[in-house]
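Student: Just dropping this structure here.
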Amino acid sequence: QVELVESGGGLVQAGGSLRLSCAASGIIFSSYAMNWYRQTLGKPRELVASITSGETTDYADSVKGRFTISRDNVKNTVYLQMNSLEPEDTAVYYCNAKRLLTYWGRGTQVTVSS
């Protein structure tokens, strides 16, 4: 059974930082591309950051220079370090594992107050 469990969300003031974690089980983690998406009410889910199995990273323009995605293939965990947070970053953040199939976590709420 595949499971992705996000953690690390919360309430933070603008300019602050949070680190999200997503622990994966039931997959060969090192062979999957891992992604972080976010979604706010009434809007489509947005790709925020991605990291391939070869550790190539990519970011949405809105978070470049502020967010960093990384992975630990020993701990089967992907991270999203979020710095200089802005109220516009408020969303539910979802972890995604993609190879032949795609799996999703249940999300973690990030709220940035102004």
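The values are calculated or read from the model by the stated rules, or taken from the named source; none is laboratory data. Since the structure is predicted, the reported quantities are computational estimates derived from the model, not experimental observations. Cβ placement follows ideal geometry from the backbone for every residue including glycine, while neighbour counts extend to all protein chains displayed. With ligands, DNA and RNA removed, areas are computed over all heavy atoms of the protein, side chains included. Shrake-Rupley method; radii C 1.70, N 1.55, O 1.52, S 1.80 Å.
Student: So with the 1.4 Å probe, I'd like the accessible area per residue for region 1-111, rounded to whole Å².
Tutor: Per-residue value: 54 Å².
Student: Turning to a different aspect of this structure: How large, in percent, is the carbon and sulfur part of the accessible surface of the chain at a probe radius of 1.4 Å?
Tutor: 48 percent
Student: Still on this structure, I have one more. Provide the convex hull volume over Cα atoms per residue for region 24-65, in Å³. Write down the numbers at each step before the final one.
Tutor: Values: hull volume 3.7 nm³, N = 42.
Here the figure is 88 Å³ per residue.
Student: Using θ = phi - 60° and the Karplus form 6.51 cos²θ - 1.76 cosθ + 1.60, what ³J(HN,Hα) does each residue of region 3-18 get, whole Hz, x for Gly and Pro?
Tutor: Result, rounded to whole Hz: 9, 10, 10, 8, 8, x, x, x, 9, 9, 7, 3, x, x, 10, 9.
Student: For the pair L47/K98, report the inter-label distance in nm, with labels modelled 7 Å from Cα in the Cβ direction.
Tutor: 0.4 nm
Student: Skipping prolines and chain starts, which residues have an amide H placed within reach, meaning under 5 Å, of the one on N73, given they are 5 or more residues away or on another chain?
Tutor: So N73 has HN proximity to no qualifying residue.
Student: Here is a follow-up. How much length, in nm to one decimal, is gained on full extension between T57 and I27, taken as 0.36 nm per residue of separation minus their Cα-Cα distance?
Tutor: 8.8 nm
Student: If you take every residue apart from Y103 with its C-beta less than 13 Å away from the C-beta of Y103, what net charge results, scoring Lys and Arg +1 and Asp and Glu -1?
Tutor: That sum, taken over residues with Cβ under 13 Å, equals +1.
Student: Long-range amide H contacts for E86: which residues qualify at under 5 Å (H placed 1.01 Å from N, peptide plane, sequence gap of 5 or more or a different chain)?
Tutor: G15
Student: Could you go through region 48-65 in sequence order and give the Karplus-derived ³J(HN,Hα) for each residue, using 6.51 cos²θ - 1.76 cosθ + 1.60 with θ = phi - 60°, rounded to whole Hz, and x for Gly and Pro?
Tutor: 9, 7, 9, 9, 7, 5, x, 6, 6, 10, 8, 9, 5, 4, 5, 10, 4, x
Student: Please give the length that would be gained between E88 and S70 if that part of the chain were fully extended, namely 0.36 nm times their separation in residues minus their C-alpha to C-alpha distance (nm, one decimal).
Tutor: Details: separation 18, 0.36 × 18 = 6.48 nm, distance 2.24 nm.
Taking E88 through S70 to full extension adds about 4.2 nm, to one decimal.
Student: Just to be sure I understand: of the beta bridges DSSP finds with both ends in the chain, what percent are antiparallel, rounded to 5?
Tutor: Once the DSSP bridges in the chain are tallied, antiparallel ones form about 90 percent.
Student: Here is a further query. If you average the C-alpha positions of region 19-56 and of region 69-99 separately, how far apart do those two centres end up, in angstrom?
Tutor: Centre-to-centre (Cα) distance: 6 Å.
Student: Continuing with this model, one more query. Local charge sum around I27 (other residues, Cβ-Cβ under 11 Å, Lys/Arg +1, Asp/Glu -1)?
Tutor: +1
Student: Now for a separate question. DSSP loop (so not H, G, I, E, B), at most 11 other Cβ within 10 Å: list which trypsin sites (Lys or Arg not before Pro) in region 25-65 pass both filters.
Tutor: K64
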